[in-house]
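Some notes on the structure that comes next.
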Amino acid sequence: MKILLVEDEPEIRTVVQKFLEAERYLVETAENYQLGLEKIISYEYDCILLDIMLPDGNGMDLLREIKNSHKKDPVIILSANDSVDDKVNGLEVGADDYLAKPFHLAELLARVKSVIRRKYQDGENTIQYKNIVVFPDIRKVKIDDVELVLNRKEYDLLYYFIINPDKTLQKTMLAEAIWGDYIDQADSLDFIYSQIKNLRKKLKQNNSQADFQAVYGIGYKFL
């Protein structure tokens, strides 16, 4: 799962990034309005953590840009302004949640999980596709009640395919979602083939009813 943290305070940015990465999220950061806008326009995120007071702009204007562009990325506002009016304004503009600073990291994590759960899981704790059941909060996968042992990237890939069922996912899209936007600097995306090959083998060994289908010159489907 990929998160964008738009935060100008270096200490907060570093602490939150390290904490979420320890929870196995892929975290990208932006320290100002302009960089945040560039990332939001260029990439998709499972959750955006948005500070309001930015050195070159207002986070509320950035939130309006997100909504005006019809992007569906969930947004949690992080703000030192904790009045009722501030919270109501943020939610009315389109934020999915509002967390006042200072906050406990455990609460932030719970809120991130909650907005992602609402986006991809209809509020449920699991996602099922054919005979595969995913438990996102604990990063566990079962096939017919038998746990499937996956490494981090294999899990991330499988989860991404399951929340995008029957869609053809381009290699660049997969790389950005699982490895981050810096994958643009990679010379080749051949490593995605190797990851999918290994994941496919594990799925077959455990009698998965779903399988990968290569779409020549484009990417893969999970059917």
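Tabulated results
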| read-out | value |
| --- | --- |
| In segment 131-151, the residues that are surrounded by fewer than 17 Cβ atoms within 10 Å (Cβ to Cβ) and under 20 Å from Arg117 (Cβ atoms) | Phe135, Asp137, Ile138, Arg139, Lys140, Lys142 |
| Residue in segment 86-125 that is surrounded by the fewest Cβ atoms within 10 Å (Cβ to Cβ), counting only those that are of a type in the set (Lys, Arg) and within 18 Å of the chain's Cα centre (by Cα) | Arg118 |
| Condition broken by Asp56, with the remaining ones in (1) surrounded by fewer than 14 Cβ atoms within 10 Å (Cβ to Cβ); (2) within 19 Å of the chain's Cα centre (by Cα) satisfied | (2) |
| One residue from Ala30, Ala22 being more than 19 Å from Tyr120 (Cα to Cα), under 20 Å from the mean Cα position of the chain (by Cα) and surrounded by 15 or more Cβ atoms within 10 Å (Cβ to Cβ) | Ala30 |
| Segment 176-211, subset surrounded by fewer than 17 Cβ atoms within 10 Å (Cβ to Cβ) and among the aromatic types (Phe, Trp, Tyr), residue modelled with the highest pLDDT | Tyr193 |
| Where Leu157 falls short, out of the listed (1) modelled with pLDDT of 90 or more; (2) touching a strand residue (DSSP E or B) at 6+ places or on another chain (Cβ under 8 Å); (3) surrounded by 15 or more Cβ atoms within 10 Å (Cβ to Cβ) | (2) |
| Condition met for Ala210 (part of a helix (DSSP H, G or I), in contact with a Phe, Trp or Tyr (Cβ under 7 Å, 6 or more places away or on another chain), in contact (Cβ under 8 Å) with a residue 40 or more places away in the chain and small (Gly, Ala, Ser)) | no |
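The values are calculated or read from the model by the stated rules, or taken from the named source; none is laboratory data. A quick note: this is a predicted structure, and the numbers were derived from the prediction, not measured. As a convention, Cβ positions derive from the backbone with ideal geometry for all residues, glycine included, and neighbour counts pool all protein chains shown.
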